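Input: a single structure, listed below in structure tokens.
The numbers here are math on the coordinates, done by the rules we state, and not lab data. Since the model is a prediction, treat every value here as computed from it, not as a measurement. Note that we place each Cβ from the backbone using ideal geometry, even for glycine, and neighbour counts take in every protein chain shown.
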Ligand code: NAD
């Protein structure tokens, strides 16, 4: 029997007004294992109405930061209680081994909720000295108010973690929300909303409308009562969202893709750099926005490093992620399988040297072989475009200046890694690289207290950390005349 999922609006499961559902496909078997509600403008209107009611008149609008924080702490406890179940939901939906979300996504999500529980009571204003008002003294101060009802649009690659990045911060700030999960991965967002209800959040604070981007996503962007869109996904969708939301002057935060460089100097700790680069390439089948897919290697090290990385790629155990010992499952969907293989073929056609992997033939399940290219140039498609699959591109450099120039010659600017044992060089290169986050001798360190986001095509704004919570507030200034 297939599972049927409905929207979650105002604290209740709600069937789609259209009566239509979307099939959910298992990437390992390519079989339908469930269906989820196909949302429409009517469903979005219903959910936004519930969220607005709570924001303006409901019990939520009466809660101070301390009490919002207590609810967030309770939600963190419940997510911790159900963490294996939530990790399995996300893993099964995209064919990922559950070990990764259990070790990475869930602990990060729980830490975010706990951190936000503290931020909820720290969103303070300022008292600002001024020159007075036409000769009369004044007192000016600011208060932080919730930005309003948020539309949170989420991709499929780490669904729960990315949902929580948005949810934790916006709840700390006192906002309400309509979440639109990816059409491929609606389960964990729906379960999270049910856990929030169990924690005691008033009905209507957290609503989930499932469905397609062009229908539910667009309806959120066009809705007059959505104050902010927080989007994580592809640059193509991000561009369209910014255009739509811009006409209505909505606040927009965009967390988009990347083509993040890992710069390996010849003084790096060799084994650490190989391990770190392999992790940055193959975690979640390479379907990670911060994937370190452009590996810049100093010439003297290039051949040995390429060989070691190719060996690491061949050693990855690819197969059914439910089987013990399997490290890598299929990519999440057919379109992704075709896209990754198209890029691998392009790499071969454009003259890069294939060291491991290669084009995968279609079979049962969308399995892609971990692939390493060497002798690539930075103008090749495999070096410029985000492939979103387990494909690494090695480019050789001679000098530090050349490495930095190559790293910055990209339309993206999300993350970067510097592998070196020279402390001064590490900081010099970290300062020179155009990226939202730089890891020195570590790939993509994520933490609830650290801001995350990119430059250029990688997006606008930051989530995470205290500044992530501030981003869901408006700073209002109040001035009172103080005649003596
Ligand atoms: P996508 O852009 O296709 O979809 C993301 C979400 O947006 C989905 O919920 C989708 O239904 C919705 N959507 C699509 N078109 C829309 C539109 N026109 N209006 C409103 N909503 C729309 O991306 P995806 O394939 O789900 O995810 C992969 C992309 O996400 C990659 O580019 C990856 O780098 C990026 N990503 C970025 C980060 C980050 O933190 N920067 C994290 C994870 C994924």
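Once the principal axes of the Cα atoms of region 101-169 are found, what is the range along each, listed largest first in whole angstroms?
62, 23, 14
Among DSSP beta bridges whose residues both lie in the chain, state the antiparallel percentage, nearest 5.
40 percent
With a cut-off of 8 Å between alpha carbons and a minimum separation of six or more residues, what is the relative contact order of region 219-259 in percent?
48 percent
Can you give the angle from 0 to 90° between the axis of helix 159-172 and the longest principal axis of the chain, with both taken from C-alpha atoms, to the nearest 10?
The two axes meet at around 30 degrees.
For region 109-149, divide the Cα radius of gyration by the Kirkwood radius and give the resulting Rg/Rh value with two decimals.
Rounded to two decimals, Rg/Rh equals 1.26.
Per the Kirkwood formula on distinct C-alpha pairs, the Rh of region 144-212 is how many angstrom?
The answer is 12.0 Å.
Would you mind computing Rg(Cα) / (2.2 N^0.38 Å) for region 1-77, counting N as its residues?
After normalising by residue count via 2.2 N^0.38 Å, the value is 1.48.
Output the 0 to 90 degree angle, nearest 10, between the alpha-carbon long axis of helix 270-282 and the longest principal axis computed from the alpha carbons of the chain.
The angle comes out near 60 degrees.
Taking every pair of Cα atoms in region 375-484, average 1/r, invert it to obtain the Kirkwood radius, and report Rg/Rh to two decimals.
1.16
Using only the alpha-carbon atoms, how far is helix 41-56 inclined from the longest principal axis of the chain? Give it as 0 to 90 degrees, nearest 10.
For 41-56 against the chain, the angle is about 50 degrees.
Whole number please: convex hull volume per residue, Cα atoms of region 252-330, in Å³.
On the way: hull volume 8.7 nm³, N = 79.
Cα convex hull per residue, to the nearest whole number: 110 Å³.
Show me, bin by bin at 5 Å from 0, the whole-percent P(r) of region 35-175 based on Cα pairs.
Once binned at 5 Å, the Cα pair distances of region 35-175 give 2, 9, 14, 16, 16, 15, 11, 7, 4, 3, 2, 2, 1, 0.
Can you give the Rg to Rh ratio for the chain, taking only C-alpha atoms and Rh from Kirkwood? Write down the numbers at each step before the final one.
Working: Rg = 23.5 Å, Rh = 23.4 Å.
Ratio value, two decimals: 1.00.
Using alpha-carbon positions, what is the distance between the centroids of region 270-335 and region 356-390, in Å?
If you average the Cα positions of each part, the centres end up 11 Å apart.
Rg and Dmax of region 159-295, using alpha carbons, in Å: what are they?
Here Rg and the maximum Cα pair distance are 18.2, 57 Å.
What is the fewest-to-most order of 482, 104 by other Cβ atoms lying within 10 Å of their Cβ?
Listing 482, 104 from fewest to most nearby Cβ atoms yields 482, 104.
May I ask you to work out the translational diffusion coefficient for region 311-440 at 20 °C, viscosity 1.002 mPa s, via Stokes-Einstein with Rh from the Kirkwood sum over Cα pairs, reported in whole µm²/s?
132 µm²/s
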